[in-house]
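Taking it in order: structure first as structure tokens, then the write-up.
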Amino acid sequence: MRNISKEDYLSAIYKNIDSNSKVKANVIAEKMDVSNAAVTDMLKKLAKESLIIYEPYKTIKLTPTGESYAKNIVRRHRIWELFLHQIVGLPWDKVHDEAENLEHSGSDELINRMEVMLNFPEFDPHGDPIPAIDGSIPKQRDSVSLSKLKEKECGLVVRVNDFSQNFLVYLAQIGIELKQKIEVKEIRSFDNSMLVLIAGNEFNISKTLADNVFVEIVKN
Ligand SMILES: [Zn+2]
């Protein structure tokens, strides 16, 4: 099994902080699929190294050092993902696992050169923003989950959650990709599933699927 490193924890914290820049320890345990005890141990270590502020039973916050450390790992991960997708040609469902290993290797110089080669990309293959070398984060377009759309509304896909490989494979099968237009034809009130139109084809999609696809609302 892959060794879960300090870097993985920092990036998990970074990716899960709420609008107040805080996250609870049990959220991290759940996201990383480890025990609460293991998380507590690691959080104590990170606090000792002044990368996070943590008091047991309270929420976690990244220190400025912790935040820039975390951003760098996320940056590496997303540049690797895009490189694997655009240059190597791996589909979007395969890049996350590969990048998970690669993000820990390679010098900053290599990552910076890949960034140049990719022409300073702002988003990874799932639509997540890539932190720039100075730590700035590209601004995302205003988006809502597809499940928030009403009947007859249209959206352009700007981001998808990359939590599951099967989910990404399925999205690709029905033609959902970044920048794809989706029109909501019908919403079934008994289970909130939707009939949608994607590139001329109709599909029934579940509420779970619609919750994990984010779109910018556009006129049809
Ligand atoms: Zn991604």
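Any read-out appearing in this document is the output of simple, stated calculations on the displayed coordinates, not a laboratory observation. In this text the structure is predicted, and so the values were computed from the model without any measurement. Backbone-built Cβ (ideal geometry, glycine too); neighbour counts: all protein chains shown.
Based on the alpha-carbon gyration tensor of region 1-61 and its eigenvalue square roots a ≥ b ≥ c, which shape applies: rounded if a/c is under 1.5, prolate if not and a/b is larger than b/c, or oblate? Walk me through the numbers on the way to the answer.
On the way: a/c = 1.41, a/b = 1.24, b/c = 1.14.
Rounded, because the longest to shortest axis ratio a/c is under 1.5.
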Q. Alpha carbon centre of region 85-126 versus region 185-210: separation in Å?
A. 32
**Q.** Total charge dipole magnitude, the chain, about the Cα centre, Cβ charges on Lys, Arg, Asp, Glu only, Debye to nearest 20
**A.** 540
Q.
How large is the direction-averaged shadow of the alpha-carbon convex hull of region 144-218, in nm²?
A. 4.3
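Calculate the all-directions average of the projected area of the chain's alpha-carbon convex hull, and give it in nm².
On the way: hull surface 54.6 nm².
Reported value for the Cα convex hull: 13.7 nm².
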Q. Top mean-square fluctuation among 56, 125, 91, Gaussian network model of the chain, C-alpha springs under 10 Å?
A. 56
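Quick check: net charge around residue 196, other residues with Cβ under 11 Å of its Cβ, Lys/Arg +1 and Asp/Glu -1? If you can, show how the numbers build up before the last one.
Working: positive: 181, 185; negative: 151, 153, 183, 186, 202.
Taking every Cβ under 11 Å from that of residue 196, the sum is -3.
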Q | Among the listed pairs 31/94; 45/179; 61/179; 61/181; 45/148; 71/179, those beyond 31 Å (Cα-Cα) | A | 45/179; 61/179; 61/181; 45/148
